[in-house]
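The values are calculated or read from the model by the stated rules, or taken from the named source; none is laboratory data. Everything numeric in this text was worked out from a predicted model, so none of it was measured. Every residue, glycine as well, gets a Cβ built from its backbone with ideal geometry; the counts of neighbours run over all protein chains shown.
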């Protein structure tokens, strides 16, 4: 049985841990508010560029190469994870889903490549011996497009030059502070672009095809950036939830240890009283 000192030391250390996790919970909550606003603020731009692309594509007689399906020889998987742990199942849920899809679609590592956003994903796929074509790590808590420009342009550019024939993206969609949904999205080719609202009529100069040549890569890149913003909001929400759970568990443990400490202390006092009474009786 643990001594009173051992129990007291455990109570003290657990209280210190709970103070840390509570502070981390508050920090994550603060970061979540801004990350959620960033993700929501990007939506109108996404919807507008999608409407424009859909309108141009519908009115054009030619199909751009980025909108054409071709025989799949090689697939790229763009996976968005976090750089740090302490986020519950945020990373494991994504990585489990990606591995399931890879096992379903491929029999050899030569049939696909990985584009990784986040240290956890990069390290995981490296341990699996998979080809990591590009990675972006150490992103700030509130990233800008400049932070992921290189990997997004490589993802789009290497599809255009035929290095791979399709691009799938995996990330956690922010549904609420307590719910993040693993999402799979086919980024390229852009085979199903639907307008989000009523389609406007546009006049094109110099031509619809020339505008698509510029706009389609930007649209594909914006899909990736939007997912990164969404994933960051989910990451902070997952961290907040994980730290709240850790704090609650620490509180429960402290309560249990305090009860054990009081019982052990009461038993020790009772034992001392019994010994004193017994000694006094022996002297009579």
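Taking the conditions exactly as written (at pLDDT below 90, within 30 Å of residue 151 (Cβ to Cβ), surrounded by fewer than 16 Cβ atoms within 10 Å (Cβ to Cβ) and over 13 Å from the mean Cα position of the chain (by Cα)), does residue 220 satisfy them or not?
Against the criterion (at pLDDT below 90, within 30 Å of residue 151 (Cβ to Cβ), surrounded by fewer than 16 Cβ atoms within 10 Å (Cβ to Cβ) and over 13 Å from the mean Cα position of the chain (by Cα)), residue 220 does not qualify.
Looking at (1) modelled with pLDDT of 90 or more; (2) more than 30 Å from residue 32 (Cα to Cα), which is the one condition that is false for residue 107?
Every listed condition holds for residue 107 apart from (1).
State the number of residues belonging to region 60-93 that are in contact with a strand residue (DSSP E or B) (Cβ under 6 Å, 6 or more places away or on another chain), within 13 Å of residue 168 (Cα to Cα) and modelled with pLDDT of 90 or more.
Going through region 60-93 one residue at a time, the tally reaches 6.
If you go through region 36-57 one residue at a time, do you hit one that is free of Cβ contacts under 8 Å to residues at least 40 places away in the same chain and outside any helix (DSSP H, G or I)?
The answer is no; no qualifying residue exists.
Does region 124-151 hold any residues that are surrounded by fewer than 15 Cβ atoms within 10 Å (Cβ to Cβ) and more than 30 Å from residue 41 (Cα to Cα), and which are they?
126, 127, 128, 129, 131
Would you mention how many residues in region 76-133 are in a strand (DSSP E or B), under 18 Å from the mean Cα position of the chain (by Cα) and free of Cβ contacts under 8 Å to residues at least 60 places away in the same chain?
Total satisfying the criteria: 3.
I need the full set of residues from region 259-277 which are under 16 Å from residue 3 (Cα atoms) and out of contact with any helix residue (DSSP H, G or I) (no Cβ under 9 Å at 6 or more places or on another chain), in order please.
259, 262, 263, 266, 267, 269, 270, 271, 272
Inside region 192-201, can you point out the residues that are surrounded by 13 or more Cβ atoms within 10 Å (Cβ to Cβ) and at pLDDT below 65?
Of everything in region 192-201, those that are surrounded by 13 or more Cβ atoms within 10 Å (Cβ to Cβ) and at pLDDT below 65 turn out to be 195, 196, 199.
For region 172-191, give me each residue that is in contact with a strand residue (DSSP E or B) (Cβ under 7 Å, 6 or more places away or on another chain) and either buried (at least 19 other Cβ atoms within 10 Å of the Cβ) or touching a residue at least 12 places away in the same chain (Cβ under 8 Å) (or both).
172, 173, 174, 180, 182, 183, 184, 185, 186, 187, 188, 189, listed by residue number.
Keeping to region 226-256, report how many residues are under 16 Å from residue 144 (Cβ atoms), surrounded by 20 or more Cβ atoms within 10 Å (Cβ to Cβ) and over 9 Å from the mean Cα position of the chain (by Cα).
Adding up the residues that qualify gives 2.
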